[in-house]
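Please read the structure below before turning to the comments.
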Amino acid sequence: MTRMLIATACVLAASCGANKGPSWDGSADGTDDGWPDMSGHDVPDMSGHDVPDMATDIEEELCEGSSFGISRVIPDVMIVLDRSNSMADAPPSPPLWETIRTAITNVTAAPRDTEIWFGLMSFPGPSCVGFTDQCIHPGPTDVLVPVGEGTGGTIASTLGGLTTCGGTPIALSLESAGAYLDTLADGHPRYVLLATDGGPNCNAALDGSTCICTNPITGCAMNNENCLDHQRTYDVLDALCARGIETFVLGMGAAADWDWVMAAMAAHGCTDDAYAADDLTGITDVLNAIAGEVPTCQFELTCADIPELNRVNFFYEPDHAPIPRDTSRASGWDWIDPCDPGDATGMVEFFGVDCENILTGAVESISAEFGCPTIRI
């Protein structure tokens, strides 16, 4: 994980200021505070002697510096790539198959592949060769490149040897991608990035005489696997989203003919709207935009550094401007996984404008300090 920041911590006792003791009888306020009347008694003259400032000494002792680091939570992104036969068609020139592979290679290259952990899956599955298994979907174990740190080079070499084949079994391919992501134990936020040039099909249960057909040339009456499989795809996306897996949708080339399906897929995938692009510049811009959305505003910290939860403070640097805790989560930060006894790590998240400041790079860095609370909402 990328270590964003290390800060010196100030650890104080019950309060940040020195405690004021009771006044002697005869003090300025003239009140009787219960202390004995010392009038008439000899009080030693301490002038000329060094008298320790106990409050200052105690505070300095308790404020000895210590390191407190937080690490930004890394997102996992499984790229699910359409390798159907139409991807190799020309026009356009070069074909989309060449363009998308170049764009993915560029966007997943280092150092981004350490900030986002990428994986790669394609459909139809690996058994699709020539006219065999044209609609076979990849299974959860048919991952071409497992999600992990620094996978950009492996993705590039894998794409270089991948060929086109078959149809567009999107629904079950997404289901397999989600099943694979469910096996990961890294605790990262999970995403799917679907890149396709057509509407989903390959559902043999649909009625070819009544369905919406994705292939006007061969039709659906003779081959019902050409039927638009949109409803099953929406159901799969709903299930993924319910498990916390959001799906980005990139529609290329002829996918524009199915823009209403692409938009609905993105909505069911909980990413609001689909992206559309046709050339290398446009596709690269889209992939960069998606890569800019998946970094999170969640940060992990070591619970051993946090003796008390209510003494955690965060600051914008280099100005050391405090970021308030806001339990309503409209802005500021809040605990989303507090450190409980026995926990190794906990997690905080920044919200609203403070999250935007992080995602857009409006702030140089964030520092973390353990000490007395500064601002609380």
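Overview of results
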quantity	calculated
Enumeration of residues in segment 239-251 that are assigned to a helix (DSSP H, G or I) and either charged (D, E, K, R) or surrounded by fewer than 20 Cβ atoms within 10 Å (Cβ to Cβ) (or both)	239, 241, 242
Subset of segment 99-134 [within 19 Å of residue 295 (Cβ to Cβ), of a type in the set (D, E, K, R) and in contact with a Pro (Cβ under 9 Å, 6 or more places away or on another chain)]	115
Exclusive hit being over 20 Å from the mean Cα position of the chain (by Cα) and acidic (Asp, Glu), set 300, 369, 364	369
Hits in segment 276-285 (condition: in contact (Cβ under 8 Å) with a residue 40 or more places away in the chain and in a helix (DSSP H, G or I))	280, 283, 284
So residue 346, is it surrounded by 14 or more Cβ atoms within 10 Å (Cβ to Cβ), touching a strand residue (DSSP E or B) at 6+ places or on another chain (Cβ under 9 Å) and small (Gly, Ala, Ser)	yes
Any hit, segment 306-313, residues being farther than 24 Å from residue 112 by Cβ, open to solvent by 30 Å² or more (accessible area, probe 1.4 Å) and not in a helix (DSSP H, G or I)	yes
Segment 214-238: number of residues that are within 22 Å of residue 164 (Cβ to Cβ), surrounded by fewer than 20 Cβ atoms within 10 Å (Cβ to Cβ) and touching a residue at least 12 places away in the same chain (Cβ under 8 Å)	2
Within segment 152-187, considering residues that are closer than 24 Å to residue 235 by Cα and under 15 Å from the mean Cα position of the chain (by Cα), the one least open to solvent (accessible area, probe 1.4 Å)	181
Some residue of segment 192-214 being at pLDDT below 95, of a type outside the set (A, V, I, L, M) and either in a loop (DSSP other than H, G, I, E, B) or touching a Phe, Trp or Tyr at 6+ places or on another chain (Cβ under 7 Å) (or both)	no
Any hit, segment 365-374, residues being open to solvent by less than 60 Å² (accessible area, probe 1.4 Å), closer than 20 Å to residue 189 by Cα and either among the polar types (S, T, N, Q) or out of contact with any Leu (no Cβ under 8 Å at 6 or more places or on another chain) (or both)	no
Complete set of residues in segment 285-305 that are open to solvent by 30 Å² or more (accessible area, probe 1.4 Å) and farther than 21 Å from residue 356 by Cβ	302, 304, 305
Filter result for residue 195 (open to solvent by 10 Å² or more (accessible area, probe 1.4 Å) and of a type outside the set (D, E, K, R))	no
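The values are calculated or read from the model by the stated rules, or taken from the named source; none is laboratory data. If you're wondering where the values come from, they're calculated on a predicted model, not measured in any experiment. For neighbour counting, all protein chains shown are included, and Cβ atoms are generated from backbone atoms with ideal geometry for every residue, glycine included. Each accessible area value is taken on the protein alone, full model and side chains, heavy atoms only, with ligands, DNA and RNA left out. Shrake-Rupley method; radii C 1.70, N 1.55, O 1.52, S 1.80 Å.
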